[in-house]
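Below is one structure, written out as structure tokens; comments come after it.
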Amino acid sequence: MNKRKQLYEGKAKIIFEGPEPGTLVQYFKDDATAFNAQKKATIAGKGVLNNRISAHIMTKLEGIGVPTHFLKSLNMREQLVRQVEIIPIELVVRNIAAGSLVKRLGIKEGTILPQPIVEFYYKKDELGDPMVSDHHIVTLGWADPYELEEIVGQAYRVNDYLNGLFSGIGLTLVDFKLEFGRLWGPYDELYIILADEVSPDNCRLWDAKTGEKLDKDRFRQDLGDLVEGYQEIAKRLGLVPDTGIVREGNIDEKAMAGLTLIENELAKDGTRLRSVRKIPPSKPYKV
Ligand code: ADP
Ligand code: AIR
Ligand code: ASP
């Protein structure tokens with residue numbers, strides 16, 4: 001097999017050149033980082049679970065008309081995605097107070113917010129991803145007003161959908177982070193696409209009854225086994241058998257291979273560009 005070209009290695013994923021132009025392969029590592037990578041660990045099975053959960057959620061979102069970068073699951077750690085130009089903004093949607101909102105504003109953790117709060121962070125590791133406003137984004141040229149409106153609109157739709165999806169399986173969606181990217185069509189029309197990943201690495205999910213934290217806060221706050229939490233989410237989503245696929249750091253590879261095939265069958269209809277909405281570019285982005 002030809003050696004693929006590695007384009008980028010991030011904190012949680014490696015990006016390889018895809019088989020066709022305009023595609024990439026996302027490889028989900030077992031690495032976990034927190035607090036701008038000041039805290040690090042390798043947790044066996046994390047990458048496999050995130051790959052599967054993100055593939056599933058992206059497919060579901062595509063099904064309700066949110067354009068996503070997801071094309072196909074390749075194997076238990078890799079997925080094929082559309083290559084986009086990442087907009088350097090991390091968009092956080094909050095339904096319940098937790099994390100940095102609690103620290104910054106002194107609100108009690110668990111307070112239900114009367115309406116969702118949308119926040120923007122500038123994606124820049126060297127600066128620790130500082131919080132910014134829409135004025136920073138537009139004035140400094142990270143996104144134009146049309147793009148921003150589209151991104152925020154899609155984020156609300158994702159929030160509505162995910163709130164329903166998770167509450168149906170006894171989980172509370174506290175908050176989450178999204179990244180979007182630009183993609184140009186054959187006539188140089190611009191599409192805004194949901195990219196990166198949607199997984200317990202970037203969603204806070206609490207058990208609705210007990211309040212137990214099942215997401216990456218287990219790692220950030222040393223609350224217990226991370227994979228146990230992620231696997232519980234995957235089980236409730238129906239993505240892994242009740243017996244689990246990661247046991248004491250060992251992954252049941254045979255079971256995973258079968259699951260990837262099923263997922264792709266289900267995804268077949270949901271990944272066409274038909275659902276991508278066209279928005280007018282306000283200036284030429286690309287020569
Ligand atoms: P980080 O860069 O924050 O350490 P990751 O380890 O998750 O994060 O690396 C994945 C990188 O790939 C991120 O920088 C993300 O913005 C980028 N990315 C995600 N999806 C796409 C895509 N479809 N096209 C191009 N880049 C992407
Ligand atoms: N997030 C933000 N930056 C990186 C990530 N993963 C996610 C967190 C949490 C939400 O954004 O996982 O779900 C808000 O994070 P915080 O730390 O600002 O409270
Ligand atoms: N992933 C980011 C980091 O490594 C932020 C986080 O998830 O806490 O710092």
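Laid out as a table, the results:
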{"read-out": "Verdict on Ala37 being more than 14 Å from ligand 1 (Cβ to nearest atom), more than 14 Å from the chain's Cα centre (by Cα) and assigned to a loop (DSSP other than H, G, I, E, B)", "value": "no"}
{"read-out": "Residue selected from region 232-287 under the condition among the aliphatic types (A, V, I, L, M) and at pLDDT below 50, by the criterion surrounded by the most Cβ atoms within 10 Å (Cβ to Cβ)", "value": "Val276"}
{"read-out": "Set Asn50, Asn95: member being crowded, with 21+ Cβ neighbours inside 10 Å and either within 16 Å of ligand 2 (Cβ to nearest atom) or not in a strand (DSSP E or B) (or both)", "value": "Asn50"}
{"read-out": "Looking only at region 1-29, and only at residues there that are within 16 Å of ligand 2 (Cβ to nearest atom), of a type in the set (D, E, K, R) and in a loop (DSSP other than H, G, I, E, B), the one that is farthest from Gly99 (Cα to Cα)", "value": "Lys29"}
{"read-out": "Residue list for region 140-164, restricted to those being touching a residue at least 60 places away in the same chain (Cβ under 8 Å) and closer than 20 Å to Asp175 by Cα", "value": "Glu150, Ile151, Val152, Gln154, Ala155, Tyr156, Arg157, Val158, Asn159, Tyr161, Leu162, Asn163"}
{"read-out": "Residue satisfying condition, being out of contact with any Lys or Arg (no Cβ under 9 Å at 6 or more places or on another chain) and small (Gly, Ala, Ser), within set Gly99, Gly128", "value": "Gly128"}
{"read-out": "Ala37 being modelled with pLDDT under 95 and in the same structural domain as Met256 (by TED's automatic domain parsing)", "value": "yes"}
{"read-out": "Qualifying position, being modelled with pLDDT under 95 and either farther than 24 Å from Tyr27 by Cβ or not assigned by TED's automatic domain parsing to the domain that holds Thr33 (or both), among Pro186, Pro200", "value": "Pro186"}
{"read-out": "Single residue of Leu239, Leu183 found to be more than 16 Å from ligand 2 (Cβ to nearest atom), part of a strand (DSSP E or B), touching a residue at least 12 places away in the same chain (Cβ under 8 Å) and not small (Gly, Ala, Ser)", "value": "Leu183"}
{"read-out": "Residues (polar (S, T, N, Q) and surrounded by 12 or more Cβ atoms within 10 Å (Cβ to Cβ)) located in region 1-26", "value": "Gln6, Thr23, Gln26"}
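The values are calculated or read from the model by the stated rules, or taken from the named source; none is laboratory data. Keep in mind that this is a model prediction, so the values were computed, not measured. Glycine also receives a Cβ, built like all others from the backbone with ideal geometry; neighbour counts cover every protein chain displayed.
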